[in-house]
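Here is the structure we will look at.
The values are calculated or read from the model by the stated rules, or taken from the named source; none is laboratory data. On a predicted model such as this, the values are computed, not experimentally measured, just so you know. Backbone-built Cβ (ideal geometry, glycine too); neighbour counts: all protein chains shown. Accessible surface areas use protein heavy atoms only, side chains included; no ligands, DNA or RNA. Shrake-Rupley method; radii C 1.70, N 1.55, O 1.52, S 1.80 Å.
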Amino acid sequence: MNVPHGGSDWFGIGCGLVAAGCWAGYILLNRLLGGRLPGLQAPAAATTVSVLLYLPVLAWLIGQGRLTGAALLFAIGAGVFSSVIPYAADLLALRRVPARFFGVVMSIHPVFAAMAGLILLGQVPPPHVWLGILVVVSVNAVAATPSKPVNTFPVRRDSRYVGQQ
């Protein structure tokens with residue numbers, strides 16, 4: 001069992017913060033583009049850019065003679081099932097739910113991954129892994145909880161206090 005120890009891995013902490021920023025950017029940009037582009041144009045544009053970025057890999061595979069029909073089908077299937085469908089679902093969800101709520105739902109994915117590993121592969125996560133997942137989900141849930149206004153005094157408008165008759 002690989003349990004964390006007392007030292008800090010500053011590079012790992014930095015990578016974690018960059019990953020958190022990327023997730024926040026993904027959620028906010030997907031919400032913004034989803035609101036501005038009709039239908040599924042936003043994930044279609046993102047998928048097109050991704051395909052263009054992978055063209056050098058395709059050229060290398062063809063040059064090496066490693067591109068087979070089965071490999072191509074697996075690549076297309078992986079792209080559709082791991083990118084196109086989830087991104088389209090995210091876009092449709094972000095059009096209907098607040099970004100904060102969506103962030104909490106996204107933070108639950110490690111729970112599903114740990115449960116899938118447990119059920120399908122027989123992998124039993126140690127307690128510190130479950131504790132870490134619980135901390136992440138809890139922090140996101142608290143962050144998404146709307147706060148009450150601090151100032152509870154009536155607001156004065158036109159020489160009358162709102163809330164008073």
Test for L17: is it free of Cβ contacts under 8 Å to residues at least 60 places away in the same chain and outside any helix (DSSP H, G or I): no
Residue check, V84 within 12 Å of the chain's Cα centre (by Cα), among the aliphatic types (A, V, I, L, M), surrounded by 15 or more Cβ atoms within 10 Å (Cβ to Cβ) and under 24 Å from G35 (Cα atoms): no
Counted residues, the range 21-47 - those being assigned to a helix (DSSP H, G or I), open to solvent by 60 Å² or more (accessible area, probe 1.4 Å) and not basic (K, R): 8
Contacts under 7 angstrom Cβ, first residue in the range 125-138 being closer than 14 Å to V105 by Cα and open to solvent by 80 Å² or more (accessible area, probe 1.4 Å), partner assigned to a loop (DSSP other than H, G, I, E, B) and of a type in the set (D, E), 6 or more apart: none
Failed item in (1) loosely packed, with under 10 Cβ neighbours inside 10 Å; (2) modelled with pLDDT of 90 or more, with S147 passing the rest: (2)
